[in-house]
Each structure stands twice: as C-alpha cells, then as structure tokens.
1. How much accessible area per residue does chain B have, in Å², with a 1.4 Å probe?
2. Would you mind giving the total buried accessible surface between chains B and A, with a 1.4 Å probe and ligands, DNA and RNA left out, rounded to the nearest 100 Å²?
3. I'd like the accessible area for residue B:183: 1.4 Å probe, protein heavy atoms, all chains in place, Å² to the nearest 10.
4. Accessible area drop of at least 40 Å² (1.4 Å probe, protein heavy atoms): which residues of the range B:25-46 qualify, relative to the chain alone?
5. Can you give the log10 of the normalised intensity I(q)/I(0) at q = 0.09 Å⁻¹, computed with Debye over equal Cα scatterers of the protein assembly as shown?
6. Could you give the distance between the Cα centres of the range B:409-438 and the range B:776-807, to the whole Å?
7. Calculated from DSSP H runs of 4 or more alone, at -39500 (n - 2.57) each and per residue, what is the 222 nm mean residue ellipticity of the protein assembly as shown, nearest 500?
8. Solvent-accessible area of residue B:692, probe 1.4 Å, all protein chains present, reported in Å² to the nearest ten, please.
Amino acid sequence: MKGTNLGEFEELVLLTIAALVNDAYSVAICDELEKHTGRVAKLGVVHAVLNRLEEKGLVKSHLGEATSTRGGKRKRFYIVTHAGKASLMNAKQVREGYWRIIPGFNLEGSI
Amino acid sequence: MNTPPTPKPPHWAQRFIAWYCKPGLAEDLIGDLNEYFERNVQSVGPRRAKLIYMIDAFKFFRSYTVRKPTFANFLINPIMIGSYVKTSARNLMRNKLFSFINIVGLAISMSVGLLLIAFVLDLRSYDRFHQKGERIYRITSVLTSNREQSSKFASASIKTGKLIREKVTGVEEVAIVRDFSQDARVGDNLLPLKGYWAEPSLFRIFTFPMLEGNPENALRDPYSIVLTETAAKKLFGNERALGKAIQLDTLAYQVTGVMKDVPFFSHINFEALVSLSTAQQLNKHDKNFEKWTNMGSNYVYLLLPPVANKTSIQSQLDAIAQEENLTGENTKIQLELLPLYQIVVGENLGDMRGSVRVHMPPVVLWILGGLALVVILSACFNYTNLSIARAMRRFKEVGIRKAIGAGKGHIRQQFLAEAVMISLAALVLSCCLFLLLRPQLINLAPEMQRTVKLELTPGMITAFIVFSVTVGVLAGLLPALFFSKVSAIQALGNVSALKVFKHTTLRRALVVMQYTFTLIFVTTTAIGYVQYKNILAFDLGFNTENILNIHMQGNKPDAFLKELSEMPEVTGLSRSLIITSVGNAWGGYMTYKDSRDSALVLTNHVDENYLPLHEYKLIAGRNFIERPITAKAAREVIVNEQVLKRFNIAAGDPGKAIGEEVTFSNIQVTGRKMRIVGVIKDFHYGKVDNLIEPVAFLFWTPEDRGIINAKIQSTDILATMAKIESVWKKIDRVHPFQAKFYTQEIEDAYSELSSMIKIIGFLSFLAISIASMGLFAMVVFTTETRLKEISIRKVLGATTGNLLLLLSRGFLWLLLISALIALPLTYLFFKEVVLTRFPYHTPVQFTELFAGLLAVLLISFGMIGWQTMKAARSNPAKVLKSQ
C-alpha cells in the first residue's frame, strides 16, 4: 500500500462518491465523473480504482437490494469512510496551502 | 402491439465472469456490465452491445478480480481421490458381470490402439539416430514425359548430384549413392553383397560409425570397399578384414573400412559400400551414365548448414533443372527437397527399381487410426451405456455425497476417476493381449517384418498409459456429466420419480451407432473376402495351374533346362523374361504404317513353348518358328487383339492381320521391323485393377534375363521341389533357389489386399465381440429390472413366447435400424469407391451383403433369447415372494 496518499483520479472518484452520498455505485460514479470532468471514464478503470480505495480503507461498500434491472444483479454502493474523509481534507489543505503562497497568480501571464 | 424480445447479454460471457471472478465481486460486476449493455442496446444496437459485453468480460480478467485457487481444494483432492478409488473398487466388486464386460471390452479394443501406437512410434523412430538428421534432405525428381502425368521419384541422376555440388550455394555436403549388388569372393567363400556405390561425404552426412579405417578417405579411391561388421564376419570369419582383398566380378577391391551394422530403423540399408569413383571408372565409356535423365537407382542426399535458406536452394535447383531440361528430349525433370524424416512416413514416391522400401503413406495410418478409434469408441459406448443404465442404483450414493457438501466438480471427478481406474485395469489386460497379438501383426506380411519391431520401450509405455487415461476419460465423460447434474433432493427423494429413462434416447443412439459400425465392419470383411477370392480365381485368359516359375538369377537357363527336362515330374518347360499378371511390366513403342503414331505396347519375351504351356488362345496365325539368338535378329511378333484395335490393323480382323509389318523399339533395339505371325485372345497382362492394354510377345533370346516356367505333375510337391532345388544347387552355389508357383505369385501380388482384409476381419471380430458384450449386459440389466413385471405377467397368463417378444422387441428394433443404415452404406461404399478401381470385378452379391447381418443377428438373438428365457422361466412365486 502506498499509504493514504491519493492519486489524482482516486481523488476525483472519492469526491464523486462523497457527492453522490447514498447513490454511489460504479455506473453512477462513471456518469457523474463524465458530467463534471468532461472526460470519458471507463468502467474498468473506475472499478479498479474503487477496488483500490476499498483496500486502502478509504471507502466501504455494501450490496443493495435486488432490482429487476441489471439482470437481477444487486448494486454495490460505496460510502466514504472516516479515513477517506480525512485524506480528502488533507488533499484539499495541501492544495490550498500552495494556492496561498502563489503571489498574484494570473492565467493570462502564463502563456 | 408486438414488442420484440429484449436482447439479453450473452449467457456464456456471464458464466465466464462468474467462473473466474472472486465471488464477492462477480455479482455487481456482472450487474454493471448488464446495465451498460442495456444502454448500449439503445445507443448502438443489440449486436454491437453483445460484442462490447464479450470484450468487457475478457477485459475484467485482472489480477484483482481473478479468484485465487483455494488451499482447501488442493488439500481435499488427494484425500478424496483415495475415497473415490475405494468406492469405485467396491462398486466394481459388487457388479462383477458389468465390471468384467467393461474391462474386457476396453482391454480388447485398447489392444488395437496399443498395436497402432506401437506401429506409429516405430515408424516415427526411423532415421532418428542420425545426429544431423534434421538437416539432411534427399532430392526428389519430378519426371514429366511428353504425354504422361508427372510422377515423383525418390531417385535422382548422378549429374544432378554433381551439379548441386558445383553450383548450389548454401549446401554443406552432397552425397551421391547408387544401388549396388554383386557377388563377393574371398578365396572359396562366395557371398552376394547388397549395398551402394557411395562417396566419402556419406559418412559426413549420416551417422554411420566406423569401427576400423578412416571414414574420411575410405571411399575415396577406386576399388575400395567398406563392409559392415556382419558382412565382414561372413566373408572373413574372425580374421581382421581391414586391408584385405575382395573379388567382385573379375576385379579386386580392397577393404578400407569396417563399420557398425546399419540400425534396423534406417531407411537406407546395406551390407557394403563401394567407392562411387569405381562405378565412374567402370562406366567411363557409357555416355548415358552421367546423363541428366538417367535417374534410376541413384539417390542424392544433401546436408544443409544449421541455418539454411531453403527457398534460395529450391530456386537454385529450379534454375539447374530449367537449364538441363533445355537440352532436348521429351522428359522434363524438376528437383525438390525431401526432409529425411519424411522419407518413411510421407508421400508415395516411385522407385525405378520397383523394389519394396520401407514406406508408409500417412493416409494409411489415418485410416487405420480411424478404424481403431471406431472399435475403441464402441467399447467406450458400452461403458457409458451400462453406467447410465445402472444409474438408479447409484443415486443414493451421489445424493449423500452432495448432501454432505460435494459439488458438481467432485461428482464429475469421482465418476471420471472410476472410469480411468477401469481403463487402467483394462490396460494391464490389453498389454498382455498386445504381446499376444504382436507376432501375428508382424507376420502378417513379409514387408511388416522388415518394417517394424514393435518392441516395448519406455516411451511406448508412457504413450500407452496416456492413451489409456484418455480412453477412460472418454468413456466416463457422459456418466460423469449425467450424475453431476442430479440434485441431492432428487437423488435422496423418490428415485423412481426421477426421469432416469429420459436418457434412453441417448443410450439407444449409442447402441445403434455401435451396431452400425459393427455391421459395416462385418459386411466389409465379407464382401472384401469374396472379392479377394474372386480376384485370385479370376480367369486371366491363360492357365496358371501347376506352373512353377524359377528365377535364374543371372545364370544361363540351358543347363538347368536340360536337367529339368529329364525329371519325370516336369511335363513341360518354357522360358520367359517376366511373370505377367502380377504387376510386372516390360514394354516398348510400336508403330504401324503411320510412323508418327507410336504407342506403348507391353511385352513379354517368351520361347516357343510358352504359349502352349500356359494355354494361351491363338485366334489366328501360329506360334514362333524362327529361333533367333539375338534380340536384333528377332522378326516375329505375336500380338493381342488390343494391338489390332489400337493401330486398326486389318480393320481388327485377326486373320487378315497375319503378315502385317510393324516397327518396334525398346531398350534393346530401336526401329526393328517385325511381322505379326499370330494373334492371341486378350488376356490380363497387368493386375486385375488394370484395363487390358495392347500386348505383344517377342521371342526370348539368351540376352534376356531368364525365368523358367516348369509345368509340374506330381503327387508330392514338397519332394519334387526338394529335387529341383538340389539340381539348382549344382548350377548355382551362391544364390538361394528362388521359385514359386504361379498361383502363389498371384496371391503374393495381392498381398496388400489380403493383409487389409485380415486387419479389417480382425477388427470386425473385435467389434462384434464388444458390441455383443454390451448388448448382453444391457439385456441382463433390463431383464433384472423387469423381473417383477415378468413374474406378474406370467401369473396373469403370458406365455414364454409372449415374454420373449416383449423383452427382445426393443433390441431388435435397434438392430434393424442399424442394419438399415449400415448395409446401404457399405454397399454404396464398395460400389462407388472400392470396386471402381477394379474394372473387371464381379458385382457385390446379396449373400455376402447379408451374411454379416445374419451372423450379428444370430449372436444377438442367442443372447437375448438366453437371458429372456432365463427370466421367463423363473418361478413367479419365488420372485414375488422375495420382494
């Protein structure tokens, strides 16, 4: 395990789970990611990330109720654990720390 | 409104995911894919959606999804196998009859498989002793004469070898060998030697270890000879052979080497090698010797470097062939490379000498393999049938196993283990059968003795065990699947409610297949045998009875002829060049008035006594009168009707054809004018599978090779033969007496047919026995299960006849269906495939077609009758009381 450090995509997925609250399951996460980031999120990639997050203990999952859709298969819902929340906060703070020390950042001057 | 059925994701892909995926992950993963599938159906259509689904199913095969093999499974298997073995053994002991039938049936059928495996392994072990074997190639000559189809020959001209050595780059070694056969003399010791004229490079290409002498220069100088150990021993006894002189013909040769005997599994076989430079010196003045087209009796072997460019070599060979073919003549020769390991098991190549070499076309092996497979399948069907039929008695066991936690896989394993156990037990028995049958197979034909040994080697035994396990799995597969599907509740509940008999269709189909195969085998044997007998008794157009053909082997026949004519048992004598009707041929080109219209005419050279001795029917003209001593001087020719027809001589009228002049050319003389003095009725010059072609008789002259045809009138053939042999010994002390009766020669000429019939006959015997055993077991089983019913019927007044009909009806129907499939099939096979090769065959008769069926029916009737009678005769009171 690489500790609780979050990769960029991992962070996005974790944020999406937090945003979706109680409806966070793989397909919904994919859709949400696409909507917010504008890039195509492959199910296989998201699946692998979810699996990794769960291994790191940042999310936990449970199976939902059986429905008639999805060929009768249950959905696996994810919620962010306390550790997950902490690492999200941590990531945010790290970023904000950087933002604070950049003087007069301005997009136009960068090019 | 009709809605089309909603498309479903592919079932197998779901099963596949469920199989490899961790149980915890599988459900939502499949669910996710399903959801995407539904979306994709909307957006891109069901077909692409399915495709995407399948691809995704494979894409999710990742390290985190794949289930890890659990430790428990590894541990359980060995323990459980012990249990399987125990229950299987108990089951075997409990049903002695069924086990016996299964084991014996499998053993019999497997022995055929073992023989075939041994045979194939032996053939494949040919030439493997050469260390550089993979790099050795032989040149194949593809000959195209002006009108004929091209044919491939194993031999190649000496010039070919020399050109390759000079011009082709990328070849490491070239060795030319040439057939050699002479009598060797050392003092008073005379021995016919067979071998090759060969070059020193032979020892660099092949692995033939030299015991004495230097392989580098042993074959360099003219008049040097290398002997094998055995030949050296025969010629020199225990003396040292190296450096000694040997007389061949009139010339003295020096022994420059003694080498180890050629291994049995070698496609080239020899007792001696003589330097090719000798042959070149002896044939210095023969301008044909090194001609491009003189490709008889020489062979060219190449050794390519470890990294060889075969395409470049082939194109260089093509270039040589193209250049040489320009030099005129009508024959064109192309060259090809043939790998050493494809010489024995490979394409059929012609050999100018016509002698039998070790060779087996793969097709024959495939056919034999197919036949063996059919017999083995038949035995497997028995096992399958009996296991499923007796399923009811094992449901309890399966039920309990399932109830205490056995999965489908475990039950499958158990039944497979049981089948493999039976087949391994059968292997022991079939190995004994193999040892018993081996000499029979080897002695089937003389070629067989020269080809294979069928000795047990470790590799062979491994192959046997693998084969036996395969057969076991094959036999146990269907029962294993059948039992593993049964659920515990069904099996432990009311067994009779279970639809055991819904599998009767499968069982019936298996029985029908089995009997169809059996009937095809039996009928083929019967028809084949009758046809073979017809061929042997075929009226060739002349008489072959009591004629002994003695090969003179290079001796002048006169002295021998004189001795023979003094014997009272010999009633007639004649001389001829070849023996016809057994596949030998000799011939030349004949022209009539139009000198451009020449045609191949088959010939035999005979003396004036030949035609009367063999009772040829002259329809016009007379026998030979002139007695020329050289082929050049021969002017008389006797032709058959086909010659008249071919050249339209005298409009085909034999009487008028007498005195007509034809021009005839063969290897002895070209363009000699000959007069037709007689016309004989058409006869079969070739084998029975050839059409009758134009044939001419020329006068036999002392220049020709000689065969003496002696008509023998004797009550004690053996004594007469011994007497003739003793006369032979006076004339030729070296060569063994070589004589056969004409009828025997004909039989030998069709020995392939007779071996084929023997093999199929043997297989059909096996097929009958196996199928009968299976049927017998089924009958025993049915009568046993229906014993109560039979008793009640009897009590209610059924007669034995009624019961017999009731019990045997089912089986008879199956036999009838098999007959309806098998007989027309066999008939058509013979009519359309086999007999078209024999233009003069007798049609397939009703009797032989149905003889097989009758035999099979009788056997099955006997068995069914016996068992049913036993059941029908049993005392109903006893049966019903005991239940």
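The values are calculated or read from the model by the stated rules, or taken from the named source; none is laboratory data. A quick note: this is a predicted structure, and the numbers were derived from the prediction, not measured. Please note: Cβ atoms are built from the backbone with ideal geometry, for glycine as well, and neighbour counts cover all protein chains shown. Side chains are part of the model used for accessible areas, which takes the heavy atoms of the whole protein and leaves out ligands, DNA and RNA. Shrake-Rupley method; radii C 1.70, N 1.55, O 1.52, S 1.80 Å.
1. 49 Å²
2. 1600 Å²
3. In the full protein context, residue B:183 sits at about 50 Å².
4. By number: B:27, B:28, B:32, B:35, B:36, B:39.
5. -1.16
6. If you average the Cα positions of each part, the centres end up 34 Å apart.
7. Result for the protein assembly as shown, helices only: -16500 deg cm²/dmol.
8. 40 Å²
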